[in-house]
């Protein structure tokens, strides 16, 4: 089949690489133009396409009339979309005779939206997966063409899980493309009553609430790596509160014995009271400093038992 690949972020790179080595004809790679801080650098899909010597196009919006006309001229059979960054209008999907398919990093209809991997970890899911859907105007609402499941390791971060899902998903996409070419797909409609949302995270979502259970705090930290990262403030006896990004913790057995956020241990270990027990902070980064182990941080900072961690 004649394919067009639409992708921008790192989640799409394994799928691009797999399609490029498949038996299908990858006509062109469509990606988003660089913006903001990344304005002068290539996005992951553009760089991967360049390495594969594939023709690449980055329109301001693929939904513009002139962009749709350019897509139509390519006469693609199918659009393959993954981590693209723009919702495709029906007229854009109709530029390919078979429409478009999308790889989404969740077991739809759970976690529709921009951050499915992060929300799965944040909510303590033990299992997740990928879905390939037939694209429709609704957000991640089209019928499922294939799904795959995988367990979530209790220590796995969102960055690590997303990388694994990207590799697994590339195989699933190629399987679906082969099935479409052979006419053997069996679309399954999503159950709207099972829908959950996974909206894009904000920086404020990283603020830790030490009154939460220790498992929730650990899940929040894992879910927010690499962005926006979980954070708290050390309320020092002298000076302004110091922001601390928290990158790794472990739960420690013990009954609540102090207010949430109170420092219980600050000698080689940094242990903090959570809502239902203790949390040992293993790795952190103070504002203006490099990331480091908690023991190293304690050697250079006079954290005392009874000090408070929390919001400003």
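Coordinate-derived values only; no laboratory data. What you see is a predicted model, and the numbers here were worked out from it, not measured in a lab. With ideal geometry, Cβ positions are generated from the backbone for all residues, glycine too; neighbour counts draw on all protein chains shown.
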Gap separating the Cα centres of the stretch 1-29 and the stretch 206-258, nearest whole Å:
40
For the stretch 2-194 the mean separation of alpha carbon contacts under 8 Å (6+ apart) over residue count, i.e. relative contact order in percent, is 21
Can you give the translational diffusion coefficient of the stretch 82-131 in µm²/s, computed by Stokes-Einstein from the Kirkwood radius over Cα pairs at 37 °C and 0.692 mPa s?
267
Test of understanding: in a Gaussian network model of the chain with alpha carbons linked when under 10 Å, which of 189, 220, 73 would top the mean-square fluctuation ranking?
73
Summing -39500 (n - 2.57) over the DSSP H runs of n ≥ 4 in the chain and dividing by its residue number, what mean residue ellipticity at 222 nm do you reach, to the nearest 500 deg cm²/dmol?
-7500 deg cm²/dmol
Can you give me the convex hull volume of the Cα atoms of the stretch 151-243, divided per residue and expressed in Å³?
148
Can you sort 299, 290, 278 by how many other beta carbons sit within 10 Å, fewest first?
290, 299, 278
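Taking 0.36 nm per residue of separation and subtracting the Cα-Cα distance, what length does fully extending residue 74 through residue 178 add?
35.4 nm
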I need the per residue convex hull volume for the stretch 203-310, using only the alpha carbons, in cubic angstrom as a whole number.
90
So, in Å, what gap is there between the alpha-carbon centers of the stretch 271-294 and the stretch 82-139?
34
Sort 24, 104, 283 so that the residue with the fewest other Cβ atoms within 10 Å of its own Cβ comes first and the one with the most comes last.
283, 24, 104
Nearest 10 degrees, 0 to 90: helix 158-182 Cα axis against the chain principal axis:
20
DSSP beta bridges in the stretch 156-312, what fraction antiparallel, as a percent rounded to 5?
95
Based on the alpha carbons, how large is the Rg to Rh ratio for the chain when Rh follows Kirkwood?
1.07
All Cα pairs of the stretch 30-171, percent lying beyond 22 Å:
45
Report, to one decimal in Å, the Kirkwood hydrodynamic radius for the stretch 10-111 based on all distinct Cα pairs.
14.4
Only bridges with both residues in the chain count here: give the DSSP antiparallel percent, nearest 5.
70
When 214, 22 are ordered from fewest to most other Cβ atoms inside 10 Å of their Cβ, what list results?
22, 214
Over the stretch 203-310, what is the mean sequence separation of C-alpha contacts under 8 Å (at least six apart), divided by residue count, expressed as relative contact order in percent?
29
